[in-house]
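Enquirer: After the structure tokens below, expect a handful of questions from me.
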Amino acid sequence: MSNKLSEVQGRISSVHELESVVSAMRGIAAARSREAQSRIEAIRACAKMVGNAIGDALLLEPHDEPNVQSKDAADTGVVIILCAEQGFVGTFNEHVIEAAIERVPSLSTEFFLIGDRGIAVAAEHGLTVGWSAPMVAHADEVPALADRITEALYERLNAGQAMHVTLLHAVPNPSVAVEMVKTALWPFDFTRFGQGAPANPPLITLTPKRLLARLAEEYIFAQLCEAIMLSFAAENEARMRAMVAARTHVHDTLDRLIGESRRLRQDEITSEIVELSSVTLGAATSRGTRHQDR
């Protein structure tokens, strides 16, 4: 009995340590989600500035598309999917991959998948990943990842290997498990940018066509930065929910172990009382027998 009680008490100590780890992970996830969301407005301000520059540049040469695609790219496309790099996010990656399967045709599509955890889930669903990269672990890493994606994407576009580019990612939303957003990055839609007064065109050192191509690339880079930051915030929200569920499970386990410990301790006390009573009764009986012999 004593060995079993000490084993249960040891498990209680381990569960208390696990509770501390879960609480710490939840706090870290919450801090990272808040930090990511606090940077969204700055990214959007940058995108707006580039958009205004595009509107000014359109005064020089109205443009529909900065690059001419080859005929071989007519039915091909690239889909960029943002998943999680680290674990403890529940079904976050499954939701993202399932949304990609539902919303994007896999025929003649090359998938860019960000996040090692998502690669395994994509393989389970039969998606062939043409290019991949690790997802960010901190908000400061977002520009570097967006730059890598932009570089790989433009390699396909310049080689005429893609006609359409779609971005699929999660956004933070505490009211739902995972909210997905689908954005078309290519062909680049210049019509969404307002044009200024034609009487005062900007001074440029590049040809209008090249300038618009450069600005379009910068705008796509800003869109990728925003999407990565939103996905990173959503990933950490999912991790917070997973840690809340884990903490509930830890508390249930702890309550059960404490109850078992009390029962074992009570059984041990009862056994000691019974043993003591037996010894006392035996001693009394022995004294009575000696007294009768006299």
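Enquirer: All but one of (1) touching a strand residue (DSSP E or B) at 6+ places or on another chain (Cβ under 6 Å); (2) surrounded by fewer than 19 Cβ atoms within 10 Å (Cβ to Cβ); (3) free of Cβ contacts under 8 Å to residues at least 40 places away in the same chain hold for THR183; which doesn't?
Expert: Every condition holds for THR183 apart from (3).
Enquirer: So, in the stretch 82-105, of the ones that are among the charged types (D, E, K, R) and touching a helix residue (DSSP H, G or I) at 6+ places or on another chain (Cβ under 7 Å), which residue ends up farthest from SER132 (Cα to Cα)? Outline the logic, then answer.
Expert: At the first step, the residues of the stretch 82-105 found to be among the charged types (D, E, K, R) are 85, 94, 98, 102-103.
Right, trim to touching a helix residue (DSSP H, G or I) at 6+ places or on another chain (Cβ under 7 Å) and you get 85, 94.
On the way: GLU85: 11, GLU94: 17 Å.
Among those that are among the charged types (D, E, K, R) and touching a helix residue (DSSP H, G or I) at 6+ places or on another chain (Cβ under 7 Å), it is GLU94.
Enquirer: Looking at LEU206, LEU224, which is the one that is without any contact (Cβ under 8 Å) to a residue 40 or more places away in the chain and aliphatic (A, V, I, L, M)?
Expert: None of the other options fit; the residue is LEU206.
Enquirer: Taking the conditions exactly as written (basic (Lys, Arg) and surrounded by fewer than 17 Cβ atoms within 10 Å (Cβ to Cβ)), does ARG156 satisfy them or not?
Expert: So ARG156 does not fit the description; no.
Enquirer: Out of the residues in the stretch 167-180 that are of a type outside the set (A, V, I, L, M) and crowded, with 19+ Cβ neighbours inside 10 Å, which is farthest from SER38 (Cα to Cα)?
Expert: HIS169
Enquirer: For the stretch 83-117, how many residues are in a helix (DSSP H, G or I) and touching a residue at least 40 places away in the same chain (Cβ under 8 Å)?
Expert: Residues flagged as in a helix (DSSP H, G or I) and touching a residue at least 40 places away in the same chain (Cβ under 8 Å) within the stretch 83-117 amount to 6.
Enquirer: Can we say SER38 is more than 30 Å from LEU203 (Cβ to Cβ), surrounded by fewer than 16 Cβ atoms within 10 Å (Cβ to Cβ) and modelled with pLDDT under 85?
Expert: No, not satisfied.
Enquirer: Run down LEU185, LEU224, LEU211, LEU254 and say which single residue is over 17 Å from LEU168 (Cα atoms) and at pLDDT 90 or above.
Expert: Going through LEU185, LEU224, LEU211, LEU254 in turn, just one is over 17 Å from LEU168 (Cα atoms) and at pLDDT 90 or above: LEU211.
Enquirer: Among the listed residues PRO66, PRO62, identify the single one that is over 29 Å from the mean Cα position of the chain (by Cα), modelled with pLDDT under 95 and farther than 18 Å from GLU218 by Cβ. Explain how you work it out, then say what you get.
Expert: Working: PRO66 fails: farther than 18 Å from GLU218 by Cβ.
From the options PRO66, PRO62, the qualifying one is PRO62.
Enquirer: Within the stretch 119-138, can one find any residue that is small (Gly, Ala, Ser), touching a residue at least 12 places away in the same chain (Cβ under 8 Å), buried (at least 19 other Cβ atoms within 10 Å of the Cβ) and under 26 Å from GLU217 (Cα atoms)?
Expert: Looking for residues that are small (Gly, Ala, Ser), touching a residue at least 12 places away in the same chain (Cβ under 8 Å), buried (at least 19 other Cβ atoms within 10 Å of the Cβ) and under 26 Å from GLU217 (Cα atoms), one finds none in the stretch 119-138, hence no.
Enquirer: Any idea which of (1) farther than 30 Å from ALA170 by Cα; (2) at pLDDT 75 or above is the one ALA246 doesn't satisfy?
Expert: With respect to (1) farther than 30 Å from ALA170 by Cα; (2) at pLDDT 75 or above, ALA246 is out only on (1).
Enquirer: Which residue pairs have Cβ atoms under 8 Å apart, sit 6 or more places apart or on different chains, and have a first residue in the stretch 244-265 that is under 13 Å from ARG26 (Cβ atoms) and touching a residue at least 60 places away in the same chain (Cβ under 8 Å) and a second that is among the hydroxyl-bearing types (Ser, Thr, Tyr) and not in a helix (DSSP H, G or I)?
Expert: Pairs that qualify, where the first residue is under 13 Å from ARG26 (Cβ atoms) and touching a residue at least 60 places away in the same chain (Cβ under 8 Å) and the partner is among the hydroxyl-bearing types (Ser, Thr, Tyr) and not in a helix (DSSP H, G or I): there are none.
Enquirer: Next up: Could you look through the stretch 9-32, keep only residues that are under 17 Å from ALA246 (Cβ atoms) and of a type in the set (Gly, Ala, Ser), and pick out the one that is farthest from the chain's Cα centre (by Cα)?
Expert: Per the stated criteria, the residue is SER14.
Here's the yes/no breakdown for (1) part of a loop (DSSP other than H, G, I, E, B); (2) basic (Lys, Arg):
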| site | (1), (2) |
| --- | --- |
| SER132 | no, no |
| ALA137 | yes, no |
| ASP140 | no, no |
| PRO143 | no, no |
| ILE149 | no, no |
| ARG156 | no, yes |
| GLY160 | yes, no |
| ALA170 | no, no |
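Enquirer: Is it the case, given these coordinates, that MET25 is in contact with a Phe, Trp or Tyr (Cβ under 9 Å, 6 or more places away or on another chain), over 25 Å from ARG156 (Cα atoms) and at pLDDT below 90?
Expert: Answer is yes for this residue.
Enquirer: Could you count how many residues in the stretch 118-130 are in a loop (DSSP other than H, G, I, E, B) and more than 20 Å from LYS182 (Cα to Cα)?
Expert: Residues in the stretch 118-130 being in a loop (DSSP other than H, G, I, E, B) and more than 20 Å from LYS182 (Cα to Cα): 1 in total.
The values are calculated or read from the model by the stated rules, or taken from the named source; none is laboratory data. All figures in this text were calculated on a predicted structure; none of them were measured in a lab. Neighbour counts are summed over all protein chains in view; Cβ atoms, including those assigned to glycine, are modelled from backbone coordinates with ideal geometry.
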